[in-house]
Amino acid sequence: MSHALNLKCPHCSVSVMDPYKLINEKQSIRLFIEVAGNKGTIRMSSIYGSYDYETTMDIPEGEIVEFACPSCQKSIYSEKVCDLCNAPLVTLKIEDGGKVRFCSRKGCKNHNISYQDLQSTLNQFYKRHQYGDRV
Ligand SMILES: [Zn+2]
Ligand SMILES: [Zn+2]
């Protein structure tokens, strides 16, 4: 089972999802990119763990890509760097709380999801759905 994410800009909280362009049959994540002075657009799969994407430009392997929000145009680097390759990590907010981070270097597959308070999120989930005993 693959899980599709619904993501927002961490600055302006506007959705970065593009419902008109599907990748892996789900709405794609649309961001502005800049590589070595060239500007373009990237659309990435919203399925967590999928690396499928389409861009308007070629990105050389190993290149660090600058990502920006299409709405507020602000760069969306996080304060953290990739522990595999030291490139800046890109952070996006998840619609129902938490953050997803991925590495800005082409070819590096480092990515993760973090919730500030995973346990309370889970508790709310189980309460809401009245699952009773957790299995
Ligand atoms: Zn924004
Ligand atoms: Zn990396």
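The values are calculated or read from the model by the stated rules, or taken from the named source; none is laboratory data. What you are looking at is a predicted structure, and each value in this text was computed from that prediction instead of being measured. These area figures cover heavy atoms from the full protein model, side chains too; ligands, DNA and RNA do not enter into them. Shrake-Rupley method; radii C 1.70, N 1.55, O 1.52, S 1.80 Å.
Below are the figures for this structure:
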{"item": "Amide H partners (placed H, <5 Å) of S104, local residues excluded", "result": "V90"}
{"item": "Surface share of carbon and sulfur [accessible, 1.4 angstrom probe, percent] for segment 25-88", "result": "45"}
{"item": "Residue-normalised accessible area of segment 1-115, given per residue in Å² at a 1.4 Å probe", "result": "56"}
{"item": "Candidate lysines for bridging to K106, where Cα separation is under 26 Å - those fewer than 8 sequence places away on the same chain excluded", "result": "K8, K21, K26, K39, K74, K80, K93"}
{"item": "Full-extension gain in nm, N110 to Q73, via 0.36 nm per residue minus C-alpha separation", "result": "10.9 nm"}
